[in-house]
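Student: Following this message is one structure expressed as structure tokens.
The values are calculated or read from the model by the stated rules, or taken from the named source; none is laboratory data. Predicted, not measured: the structure shown is a model, and the values here were computed from it. Positions of Cβ are generated from backbone atoms using ideal geometry, with glycine treated the same way; all protein chains shown enter the neighbour counts.
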Amino acid sequence: MKRDEAILRELNLCPLWKTRGRPEAVPQSATMQDVEAAVEAEPVAMPSVERSREQNIGDLDWPELKAVVRDCTACKLRAGCTQTVFGVGDEQADWLFVGEGPGADEDARGEPFVGQAGKLLDNMLLALKLKRGKRVYIANVVKCRPPGNRAPEPDEIAACLPYLQRQIALIKPKVIVALGKTAANALLGREATLASLRGKVHDFEGIPLVITYHPAYLLRTPLDKAKTWQDLSLAVQVINR
């Protein structure tokens, strides 16, 4: 027995040791070596810390994120599309345009906004003296084409939104332009009409968010192009602050 231990026992100040999982006290006659051996022999269960899917996605870099999206089967949309449509453009863009989801043309080519709506979006960019791929990144809320080009359902948006959130975190754009109600509500995390959301600057995790019409809607309702120009002009003001 060590000298200090013997002194403590003589003064009746030595604590009663208990091994993990054993309610009875260690006999006073036991040595410190006996106690240490008993404790070491008792397995210690370490609590398991499970990371959420969102946390894991939040740690991915560009190559890893692209690979995960490519192989994703987190919702039922993947089973009915040709391929995932990740996004395209400048990965350090000032402008991020976010649409709803891929259509038939996008599903075939693997790039967002390549059909008629995409041509209109390109014209919108030209009006802003911008060009696809230069200072601009284009993505969608969901990465797989919904059947029949229907609006994505809430569970599909929830499964895919972490990918978009990680894209935004990696890009760090100066402004986000949400194209249409679905994209706007997904980014804001609430349901609201497009009319109530337009004309003001919202916030997405510290990044200014401007909301306007989807180009596909403008193809059907060209008179609202003037309102869209007002929204884009608001985004320009944000960029130039």
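Student: Scan segment 214-241 and report the pairs whose first residue is under 16 Å from Leu125 (Cβ atoms) and whose second residue is aromatic (Phe, Trp, Tyr) and surrounded by 13 or more Cβ atoms within 10 Å (Cβ to Cβ), with Cβ atoms within less than 6 Å and a gap of 6+ or a chain change.
Tutor: Thr228/Tyr213
Student: Go through segment 170-241 and tell me which helices (runs of 4 or more DSSP H), entirely inside it, have 2 or more residues that are among the charged types (D, E, K, R) and surrounded by fewer than 18 Cβ atoms within 10 Å (Cβ to Cβ).
Tutor: Correct list: 225-239.
Student: For segment 88-95, does any single residue satisfy the condition of being farther than 20 Å from Arg145 by Cβ and small (Gly, Ala, Ser)?
Tutor: There is at least one residue in segment 88-95 that is farther than 20 Å from Arg145 by Cβ and small (Gly, Ala, Ser).
Student: Return yes when Asp203 is closer than 28 Å to Asp107 by Cα and of a type in the set (Asp, Glu) and no when it is not.
Tutor: When the stated conditions are applied, Asp203 does not pass them.
Student: Mind listing whichever residues of segment 116-150 are without any contact (Cβ under 8 Å) to a residue 40 or more places away in the chain and small (Gly, Ala, Ser)?
Tutor: Once the filter is applied, which keeps residues that are without any contact (Cβ under 8 Å) to a residue 40 or more places away in the chain and small (Gly, Ala, Ser), segment 116-150 yields only Gly148.
Student: Related question: Taking Thr84, is it farther than 21 Å from Ile239 by Cβ, surrounded by 20 or more Cβ atoms within 10 Å (Cβ to Cβ) and of a type in the set (Ser, Thr, Tyr)?
Tutor: Here the answer is yes, as Thr84 does meet what is asked.
Student: Check every one of the helices (runs of 4 or more DSSP H) wholly within segment 50-167 and list those with 1 or more residues that are of a type in the set (Gly, Ala, Ser) and out of contact with any Ser or Thr (no Cβ under 8 Å at 6 or more places or on another chain).
Tutor: On the way: elements: 53-57, 62-70, 104-109, 116-127.
The helices (runs of 4 or more DSSP H) meeting that bar are 62-70, 104-109, 116-127.
Student: For segment 46-86, which positions are among the acidic types (Asp, Glu), closer than 19 Å to Arg166 by Cβ and modelled with pLDDT under 95?
Tutor: Within segment 46-86, Glu54 is the sole residue that qualifies.
Student: Of the numbered conditions (1) touching a strand residue (DSSP E or B) at 6+ places or on another chain (Cβ under 7 Å); (2) under 24 Å from Arg70 (Cβ atoms); (3) basic (Lys, Arg), Lys172 satisfies every one except a single condition; which is it?
Tutor: (1)
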